[in-house]
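Have a look at the structure below before the remarks.
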Amino acid sequence: MSYKHFTNEKCEYFPCHKIENQNCLFCYCPLYFFRDCGGNPQWKGNIKDCSSCTKNHDENSYQFIMGRLGKAFENLKENGDMLMLDRKTE
């Protein structure tokens, strides 16, 4: 088993996305609270709905997530902001 990819076929929600070779490593996306997560979320009021996004489950998910986290930590080091989500109500 790779530390970059695994598939949990025994999960009661598997497959949560209809993609081939689904990566379950980032089942809950660590980028959820980022303003610019790089995915394609839908907004329902001030609720971020990521159910149609597969960026954290496809074959390139490890590189994608690690790259976004690297940018966030660099931003945190430079100006104290880690791209956290603004909680604005409409």
Using only Cα atoms, tell me the angle between helix 61-79 and the longest principal axis of the chain; keep it within 0 to 90° and round to the nearest 10.
20
About its Cα centre, what dipole magnitude does the range 1-85 give when the only charges are +1 on Lys and Arg Cβ and -1 on Asp and Glu Cβ, stated in debye to the nearest 20?
120
Can you show me the helix-derived [θ] at 222 nm for the chain, built from DSSP H runs with n ≥ 4 at -39,500 (n - 2.57) apiece and divided by the number of residues, rounded to the nearest 500.
-7000 deg cm²/dmol
R0 = 30 Å: FRET efficiency of LEU76 with ASN21, Cβ-based, nearest 0.05?
0.40
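Contact order normalised by length for the chain, with contacts defined as Cα pairs under 8 Å and 6 or more residues apart; what percent is it?
Once divided by the residue count of the chain, the mean separation gives 29 percent.
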Just one of (1) 13.5, 48; (2) 14.4, 45; (3) 13.2, 45 is Rg and Dmax of the Cα atoms in Å as worked out from the coordinates here. Which one is it?
(2)
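Every number in this text was worked out from the coordinates using simple rules, so none of it is lab data. This structure is a prediction, so every number in the text was calculated from the model and none was measured. Ideal geometry is used to build each Cβ from the backbone, glycine not excepted, and the neighbour counts take in all protein chains shown.
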